[in-house]
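Have a look at the structure below before the remarks.
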Amino acid sequence: MSIEIDGVNKRFGDFVALENVNVSLPTGQLTALLGPSGGGKSTLLRIIAGLERADTGTVSIEGVDATRMSPRKRNVGFVFQHYAVFKHMTVAKNVAFGLEIRTHGGLRPPWTSRRLRDRERMQARVDELLKLVHLSQFADRLPSQLSGGQRQRMALARALAVQPKVLLLDEPFGALDAKVRKELREWLRRLHDEVPVTTVFVTHDQEEAMEVADEIVVINEGRIEQVGTPDSLYDEPANEFVMGFLGEVTRLGELRLRPHDIEVGLGPDLAGSTPVDVLRVTRVGFEVRLVAGTEEGQEVSVVTTRAHARALDLEEGRRVWLTPSNGTATVPAMKSLRVG
Amino acid sequence: MVWFSLLVLIPLAAIVATAGDGGWHGYVDTLTNSQSWAAIKLTVGQSLLVTGVNVVMGTMIAWVLVRDRFWGKRLLDLVIDIPFAMPTIVAGLVLLGLYGPDSPLGINVSNTRASVTLALAFVTLPFIVRTVQPVLTELEADVEEAAASLGAGRATILRRIVLPSIVPSIAAGAALSFARAISEYGSLVLLSGSLPFHTEAVSVRVLSFIEGGDRTSAAALATIMLGVALAVIVALDVLQRRVARRG
């Protein structure tokens, strides 16, 4: 295990940001900390980086206790939501920053041969990183001349330059528009496959987490709700919150389940089917969304394909029978009152 | 542009033209007049000294006002502007009362060079504080955090991240502070005593030329100061660009 977090608590005044958090994040994997805003996931990331100090509990990175270590000694790369670029330095200088500090701290006189060799080595490393993030042709530009996506790639190269033991990303694509965000997360996934450094990223976008991460840690109200692979979280949510956060949920009788996990039939031929009247039909691209009412007055959402809807001739006022599909992720509805 | 010409360019041209009446002689005579030369040396020297002090102290005060929390911070923030807002002759009166012959503190600097330094420092204090403060406030915390996580210590962050960002505003403040210092009259005339060759500033010298009816010499001296002010402002700008680019 690369990062071990044990019994971490953190308060900001009266606000409890993290409450007794225990989690291990595996080496070499891409882990997402997923949860709603203000749930404590960014605080946890900042505690791992040393930018925030836990009130109690311990953090260890690669087996070294880092609880009281300053951020500069932790050897972690950190990428911020708003890029945190060094505005007055060129792209190449930004990327070289960490390397320069580590090699001589700028203190050795520039004419020594040792420093010349350092410079050549740094130059090569910077070139290599800029190539990795596809910014080679922008090396001599200032960050203000780059787009948001390019700035964030530069920030990533800067963080990777010092070969960190872990790479931490705090809502890295949060400030970008939808299209760039989608491109960048696919690119991040490929980058991670190329350079398999242990990576943890914070997001409130469940689609982003499911698409990119090997493992997801769901955090809500300062507590960890569930840890698992995207599939296991989606298929076997531990509770209503996780189920609700990872996708759409509707109610059918006493069950909570996903709208696309409901089968629509024209007769009561399946065991356990519920008769409903179709109230509304909405077409969204290739899928069809139905809202149907049961005899008890409960409203159920159902998602089905266009072809299926046409075959059944679904329209408003029609009576149909609903059945949960086999092997569906369900959570009994009465267990918890917390709304996801 | 017409507004700017009416306000700035035409009066400046008039001064240069008046000075030109005496031909090159006017300048040479003024410069070789040892009393005027002493006044120029005093004014420029003291202004540079005070600007230098302001660069350090003003930046530190701005830093403290932005980054530290302490009791009375709001009050200090308010008081900073007083030397700037006060009519300069009132400032001179205040300084005379405090550091003059009847000083309640027992410090008497009247008729010494120190009085010139003191008066200039007093009236120019707010310039750098007020130009640096907003820039420091705008500086994003995550930029410094990014540098720290890349392995930079506090001194390195200050030198390579914070300083380059605030150098332009320090230079702007320094230019204002210097310009104000070389033109200062009211605040120093009371305390310094304006002794020729010792504590007489250029502004006082120009006035005495005019009072003596020698407008050409007054204009020549004024033109020389114009040149000095221009040179210093350009030098600060060049310096600022170099530091900001270096990173």
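Which residues, taken from the range A:78-90, are under 24 Å from the mean Cα position of the chain (by Cα) and either without any contact (Cβ under 8 Å) to a residue 60 or more places away in the chain or more than 7 Å from chain B (Cβ to nearest Cβ) (or both)?
A:VAL79, A:GLN81, A:TYR83, A:VAL85
Which of the residues that make up the range B:144-161 are facing chain A (nearest Cβ under 7 Å) and open to solvent by 20 Å² or more (accessible area, probe 1.4 Å)?
Passing the criteria: B:GLU145, B:THR156.
Return the total of residues in the range A:1-26 being at pLDDT 90 or above and within 21 Å of A:ASP193 (Cβ to Cβ).
Summing the residues that are at pLDDT 90 or above and within 21 Å of A:ASP193 (Cβ to Cβ) in the range A:1-26 gives 2.
Tally the residues that are facing another protein chain (nearest Cβ under 8 Å) and over 26 Å from A:ILE47 (Cα atoms), restricting the search to the range A:91-104.
Here the count works out to 1.
Given A:ALA157, A:ALA209, which one is among the small types (Gly, Ala, Ser), within 14 Å of another protein chain (Cβ to nearest Cβ), crowded, with 20+ Cβ neighbours inside 10 Å and in contact (Cβ under 8 Å) with a residue 40 or more places away in the chain?
A:ALA157
Check B:SER5, B:SER47 and return the single one that is without any contact (Cβ under 8 Å) to a residue 40 or more places away in the chain, assigned to a helix (DSSP H, G or I) and either among the hydroxyl-bearing types (Ser, Thr, Tyr) or buried (at least 17 other Cβ atoms within 10 Å of the Cβ) (or both).
B:SER5
Among the residues of the range A:282-296, write down those that are of a type in the set (S, T, N, Q) and either crowded, with 16+ Cβ neighbours inside 10 Å or in contact (Cβ under 8 Å) with a residue 12 or more places away in the chain (or both).
A:THR294, the sole residue that qualifies.
Just give me the residues in the range A:34-60 being part of a loop (DSSP other than H, G, I, E, B), surrounded by 17 or more Cβ atoms within 10 Å (Cβ to Cβ) and within 14 Å of chain B (Cβ to nearest Cβ), in sequence order.
A:GLY50, A:LEU51, A:GLU52 - these are the residues of the range A:34-60 that are part of a loop (DSSP other than H, G, I, E, B), surrounded by 17 or more Cβ atoms within 10 Å (Cβ to Cβ) and within 14 Å of chain B (Cβ to nearest Cβ).
For the range B:194-247, give me the residue count where each residue is within 14 Å of chain A (Cβ to nearest Cβ) and of a type in the set (S, T, N, Q).
Summing the residues that are within 14 Å of chain A (Cβ to nearest Cβ) and of a type in the set (S, T, N, Q) in the range B:194-247 gives 1.
Restricting attention to the range A:83-100, does a residue exist that is open to solvent by 80 Å² or more (accessible area, probe 1.4 Å), at pLDDT 90 or above and over 16 Å from A:LEU167 (Cα atoms)?
yes
Residue-wise test of (1) surrounded by fewer than 20 Cβ atoms within 10 Å (Cβ to Cβ); (2) at pLDDT below 90; (3) more than 30 Å from A:GLY63 (Cβ to Cβ); (4) of a type in the set (Gly, Ala, Ser).
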residue	(1), (2), (3), (4)
A:GLU183	yes, yes, yes, no
A:VAL218	no, no, no, no
A:TYR234	yes, yes, yes, no
A:ASN239	yes, yes, yes, no
A:VAL249	no, yes, yes, no
A:GLU263	yes, yes, yes, no
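Of the conditions (1) surrounded by 21 or more Cβ atoms within 10 Å (Cβ to Cβ); (2) of a type outside the set (Val, Ile, Thr); (3) within 24 Å of A:ALA209 (Cβ to Cβ), A:ASN22 satisfies every one except a single condition; which number is it?
It is condition (1) that A:ASN22 fails.
Could you list, in sequence order, all residues of the range A:144-164 that are under 23 Å from A:GLU186 (Cα atoms) and touching a Lys or Arg at 6+ places or on another chain (Cβ under 8 Å)?
A:ALA161
When you check B:ARG159 against the structure, is it more than 24 Å from the chain's Cα centre (by Cα) and among the basic types (Lys, Arg), yes or no?
yes
Here are A:VAL339, A:VAL303: which of them is among the aliphatic types (A, V, I, L, M), at pLDDT 85 or above and closer than 26 Å to A:ALA238 by Cβ?
Among A:VAL339, A:VAL303, only A:VAL303 is among the aliphatic types (A, V, I, L, M), at pLDDT 85 or above and closer than 26 Å to A:ALA238 by Cβ.
Output the number of the condition that A:MET122 fails; it satisfies all remaining conditions of (1) within 12 Å of another protein chain (Cβ to nearest Cβ); (2) touching a residue at least 24 places away in the same chain (Cβ under 8 Å); (3) open to solvent by less than 30 Å² (accessible area, probe 1.4 Å).
A:MET122 satisfies all of (1) within 12 Å of another protein chain (Cβ to nearest Cβ); (2) touching a residue at least 24 places away in the same chain (Cβ under 8 Å); (3) open to solvent by less than 30 Å² (accessible area, probe 1.4 Å) except (1).
Here is a list: A:ASP177, A:ASP193, A:ASP170. Which entry is within 13 Å of chain B (Cβ to nearest Cβ), open to solvent by 10 Å² or more (accessible area, probe 1.4 Å), within 19 Å of the chain's Cα centre (by Cα) and not hydrophobic (A, V, I, L, M, F, W, C)?
Unique residue meeting the criteria: A:ASP170.
Here are the criteria: (1) at the interface with chain A (Cβ under 9 Å from one of its Cβ atoms); (2) open to solvent by 50 Å² or more (accessible area, probe 1.4 Å); (3) within 25 Å of the chain's Cα centre (by Cα). Tell me which single one B:PRO164 does not satisfy.
The one condition B:PRO164 does not meet is (2).
Take the range B:182-198 and flag every residue that is open to solvent by less than 30 Å² (accessible area, probe 1.4 Å) and touching a residue at least 24 places away in the same chain (Cβ under 8 Å).
Once the filter is applied, which keeps residues that are open to solvent by less than 30 Å² (accessible area, probe 1.4 Å) and touching a residue at least 24 places away in the same chain (Cβ under 8 Å), the range B:182-198 yields B:ILE182, B:GLU184, B:GLY186, B:SER187, B:LEU188, B:LEU191, B:SER192.
Regarding the range A:61-76, can at least one residue be identified that is away from chain B (no Cβ under 13 Å) and not in a loop (DSSP other than H, G, I, E, B)?
Yes, that holds for at least one residue.
Looking at B:TRP24, is it out of contact with any strand residue (DSSP E or B) (no Cβ under 7 Å at 6 or more places or on another chain), aromatic (Phe, Trp, Tyr) and modelled with pLDDT under 80?
Here the answer is yes, as B:TRP24 does meet what is asked.
The values are calculated or read from the model by the stated rules, or taken from the named source; none is laboratory data. What you see is a predicted model; the values in this text were computed from it and never measured. Quick reminder, even Gly has a Cβ in these numbers, built from the backbone with ideal geometry, and neighbours come from all protein chains shown. To get the accessible areas, we keep the full protein, side chains included, count just its heavy atoms, and leave off ligands, DNA and RNA. Shrake-Rupley method; radii C 1.70, N 1.55, O 1.52, S 1.80 Å.
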